[in-house]
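Below is the structure I would like to discuss, written out as C-alpha cells.
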Amino acid sequence: MPLLGVVCLLAPLQADATEPPSLRDIEIAGQVLAFQSDHTGGGMTLGVVFNPDSSASRSEAEAILGLIGRGLNVGKIFLTARAIPQGALRDRPDVGALLVTGDVDQALLRTVLAGHHLLCLTRHLDEVAHGACTVAICSKPAVDIVINDANATAADVHFATAFRMMVREI
C-alpha cells in the first residue's frame, strides 16, 4: 500500500486511541479473536501488555482490565484478562492473545511474537503499521479493523477468509 494510504488510516485510529478504551473496543477485539482460523470458541485469557514507565500506558491497561472485570462473554469467547508489564514478555506469558497499550517496546514485542502463534491486538495503528502488532481496532467514530499481513505471517497467525474480506490490510 502506498505510504499515503497508511497516513490516511492513521488519523481515525490514533484519534480513537487517545480516548479511554470502551466496552465496544473489547467486543471488537473478542470478535477478531473468534476469526482466527484455528479458534474453536470457549475461554481465552487476554494478556494486557503495558509499559510501567508510561502513565498513559498504565491508565489504558487499567481501563481495559476494568472493562473485562472477572470475565466478559463476546460471541463464542469468554474473555478474561491479566496485566502483563512489558518486561514480563520475556517469560513468554501463557495467554491466548495480547492486547497491547500505547508506549510498549515494539522491538521486545516483535521478539516475543516471532513464530509463537500469538495474536497481538492494539488500539494504536502505529503499533501495527510500524511495530509488531498484527491487528489495530477502532470503534469510534465507526468500527475499523486493520491487519498487518507481514506481522501476521511473522507471528504465524491466520484468519478465516471471510474475516480478511471485511478488514483493511497494510
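The values are calculated or read from the model by the stated rules, or taken from the named source; none is laboratory data. A quick note: this is a predicted structure, and the numbers were derived from the prediction, not measured. Cβ: placed from backbone, ideal geometry, glycine included. Neighbour counts: every protein chain shown.
With respect to L23, determine if the residue is in contact with a helix residue (DSSP H, G or I) (Cβ under 8 Å, 6 or more places away or on another chain), over 21 Å from A150 (Cα atoms), surrounded by fewer than 13 Cβ atoms within 10 Å (Cβ to Cβ) and not polar (S, T, N, Q).
Values: in contact with a helix residue (DSSP H, G or I) (Cβ under 8 Å, 6 or more places away or on another chain): yes; over 21 Å from A150 (Cα atoms): yes; surrounded by fewer than 13 Cβ atoms within 10 Å (Cβ to Cβ): yes; not polar (S, T, N, Q): yes.
When the stated conditions are applied, L23 passes them.
Still on this structure: Going residue by residue through the range 103-112, is there one that turns out to be acidic (D, E), outside any loop (DSSP other than H, G, I, E, B), surrounded by 15 or more Cβ atoms within 10 Å (Cβ to Cβ) and under 14 Å from the mean Cα position of the chain (by Cα)? Steps first, please.
So the first thing to find is which residues in the range 103-112 are acidic (D, E), and the list is 103, 105.
Still in the running and outside any loop (DSSP other than H, G, I, E, B): none.
No, the range 103-112 has no match at all.
Let me ask something else about it. Take the residues in the range 113-124 that are modelled with pLDDT of 95 or more and not in a strand (DSSP E or B); name whichever of them is nearest to A63 (Cα to Cα).
Checked the range 113-124; the qualifying residue nearest to A63 (Cα to Cα) is R123.
Here's a follow-up. Residues of the range 158-170 being touching a residue at least 40 places away in the same chain (Cβ under 8 Å), under 15 Å from Q31 (Cα atoms) and not in a helix (DSSP H, G or I), which ones?
Once the filter is applied, which keeps residues that are touching a residue at least 40 places away in the same chain (Cβ under 8 Å), under 15 Å from Q31 (Cα atoms) and not in a helix (DSSP H, G or I), the range 158-170 yields H158, F159, A160.
If you go through the range 137-168 one residue at a time, how many are surrounded by fewer than 14 Cβ atoms within 10 Å (Cβ to Cβ) and touching a strand residue (DSSP E or B) at 6+ places or on another chain (Cβ under 6 Å)?
Residues that pass the stated criteria total 2.
Now, a different point. Among all residue pairs at least 6 apart or on different chains, which show Cβ distances below 6 Å where the first residue, located in the range 42-54, is in contact (Cβ under 8 Å) with a residue 60 or more places away in the chain and the second is outside any loop (DSSP other than H, G, I, E, B) and β-branched (V, I, T)?
Going by the 6 Å Cβ cut-off, the qualifying pairs are V49/I84; V49/V100.
For the range 70-84: of the residues being of a type in the set (D, E, K, R) and over 19 Å from F35 (Cβ atoms), which is surrounded by the fewest Cβ atoms within 10 Å (Cβ to Cβ)? Step through it out loud before you land on a result.
Step one: list which residues in the range 70-84 are of a type in the set (D, E, K, R), which gives 70, 76, 82.
Filter once more, so that each one left must be over 19 Å from F35 (Cβ atoms): 70, 82.
Working: R70: 6, R82: 13.
The residue in question is R70.
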